[in-house]
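Accompanying notes for the structure given below.
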């Protein structure tokens, strides 16, 4: 017969996993909105530097809850640990959004904000890998297949975004006058920035949220049906 103590511990870890996924689901759009508005607007001006670190901390909290699940799985743990490290780096860098908003001409603040943008993309990419590892451990073949396909697509799009950011920053500091090809590339990146944002950042973010929600639903269905 199944060990009641083991079943109780598994149910508790599944419950924490579901709560962690919920924190990630809500934390991703909250962090995006809060950080974007702190950098470019004054919605949270009265709160000072607090909103970005608090929003980023919600993501770290979600990962901490998820870390209680299947501690013995080394591949899963390594992916989760890397995501937690990047999350903590984002928490530490996020106050510079507020300072850059106050002094946008400061080159050091700009450099740190660009570093935050890069580590945020790496965090989202690593989170997709975490979801892929998690899906491989859950008893749902459809979820496993969808997670593998969409996380791979998301990580490719995020890698393209990171490469474009590097190209844009490099061309922006290229000695003048720029070659024709460099001028053309810089113009395309500047004028197409909205479409690049939608396709290369918002699309992976939306697909990541959808995968998080579906994974949580599979876990809850497994718990309530008594088939963990």
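Derivation of every value follows stated rules applied to the coordinates shown; laboratory data play no part. Given the structure is predicted, the values throughout are model-derived calculations rather than measurements.
You can think of it this way: the chain between residue 32 and residue 68 has 10.4 nm of extra reach, that is 0.36 nm per residue less the Cα-Cα gap.
Using the Kirkwood radius over Cα pairs, work out the Stokes-Einstein diffusion coefficient for region 1-141 at 10 °C and 1.306 mPa s, in µm²/s as a whole number. Using the Kirkwood radius from Cα pairs, D works out to 97 µm²/s.
Per-residue extension of 0.36 nm, minus the Cα-Cα distance of residue 220 and residue 203, leaves a gain of 3.5 nm for this segment.
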